[in-house]
Every structure is written in C-alpha cells, then in structure tokens.
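Written below as structure tokens is the structure these notes are about.
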Amino acid sequence: KILDCKHGSNSFKFVNAVYETILEKAYSLIQPKGIINIAEIPDFINLRGKENYKSGIFCIATLGKKISEESSSLFSAGEYLEGLLLDTIADQMLINLTTSMYQEKILPFLREKEVGVSYGYIPGCQNVPIEYQRYILDLVGPEAKNEISITEGMMLNPVKSTAYFYVMDKSLPIRKMDRDCNNCDMKDCK
C-alpha cells in the first residue's frame, strides 16, 4: 500500500516475493528500544498556545543500527528494490514502536495519574525546531546515548530512530491515540 504496488499490477508478484524475504530480514535485524522520561518543559521550548504547560513526556525510539546499516548496504550494492522495501518496512516498524510505547506505557500512566496530553510533537515537523532532538537525547540519559547519537546536522544515528514529546497537563484530554494525522504537515505520508 505504501509503495502503491497494487494487487494485479505487472510488478505485484515480483515485489511481493521480494517483500516476504525482506520482511523476514527486517525482523531479524531490528533491535527495538524505547525510552520514556517525564520532566519539566524547559523555558526554551516554545510551543504556540502551550506556554502555560509545565510538564512533558519525552521519548526516544530506535530500531537499532543493524537495520539502518543493512538498508544503506542494499542501496550501495545497487539492490534498490530490496533497499526501498527494507527502508519502508523499517519506517512502519518505527511508527508501530512509538504507537506501542504510547498504548502500553504512556496511556496507562495517564489514566493512573488522571492527566492528559497533547498529541506528539516531533522535532523537525509541525514547526517544532529540529534542535529539540538534542535536548530530548540529553534528557533521556546515558542509556540512550550508548545507542543513539546526533550529528551536527541534527540527524539521529541510527537513522531509524525518532525523538518526540508530549505536553502533559490535567486540563488536557487522555487521548486514545498518540498522533493526529489530520493536523500533520507531512502531506505525502501514506
């Protein structure tokens, strides 16, 4: 679906056969890890309309370096279809990881504390400065720094990693979902 490869098209059987192999490879390569930290929102984080909120939930999620390295290796070897499929599968796995973190860890915490959250803020999207990634990485502590780093250009390494946060307050609703696709600025997302 994400690649617009439809059942019945000329390429479907070929892509589907490669997909099954790449999916197995993806499962063998991922090293999923998620770290969640609750902290005060620092003064430099300026979110329009959210200035009065004091607490946040800061998160890092990664699939580990093996899957990122394999994706790069496939593209370098000229295996573009395999590389594209692995990259696309890894993107969806990362989304699934962040959703699981919300559903299994954050949502029960919110219900227990009777506090709500905003939808997730992702540095580099929704007018949230990408530099906030460095703060989130510093905040989650040494546990993440051993596995995730950040480049001078503010890119996370391994590539299949993400840093994000939620504003938390009693005045906000306890949301069943962690993201609002209707207000997302990534218009080409499938």
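Inspection of segment 96-113 identifies no residue that is closer than 22 Å to PHE44 by Cα and under 15 Å from the mean Cα position of the chain (by Cα). Would you be able to tell me the number of residues in segment 99-131 that are of a type in the set (Val, Ile, Thr) and closer than 11 Å to TYR166 by Cβ? Qualifying residue count for the region: 4.
Filtering segment 75-85 to residues that are buried (at least 20 other Cβ atoms within 10 Å of the Cβ) and either modelled with pLDDT of 95 or more or in contact with a Leu (Cβ under 6 Å, 6 or more places away or on another chain) (or both) leaves only GLU82. For segment 111-127, a tally of residues being surrounded by fewer than 20 Cβ atoms within 10 Å (Cβ to Cβ) and either out of contact with any Leu (no Cβ under 8 Å at 6 or more places or on another chain) or in a loop (DSSP other than H, G, I, E, B) (or both) returns 10. When only residues in segment 128-137 that are free of Cβ contacts under 8 Å to residues at least 60 places away in the same chain and either under 14 Å from ILE57 (Cα atoms) or not charged (D, E, K, R) (or both) count, which is surrounded by the most Cβ atoms within 10 Å (Cβ to Cβ)? Residue satisfying both the conditions and the ranking: GLN133. Quick check on segment 11-48: of everything there that is among the basic types (Lys, Arg) and farther than 20 Å from LEU84 by Cα, which residue is surrounded by the fewest Cβ atoms within 10 Å (Cβ to Cβ)? Checked segment 11-48; the qualifying residue surrounded by the fewest Cβ atoms within 10 Å (Cβ to Cβ) is ARG48.
The values are calculated or read from the model by the stated rules, or taken from the named source; none is laboratory data. Bear in mind the structure is a predicted one, so any value in this text is a computation, not a measurement. Heads up, the Cβs are rebuilt from the backbone with ideal geometry, glycines too, and the neighbour counts pull from every protein chain shown.
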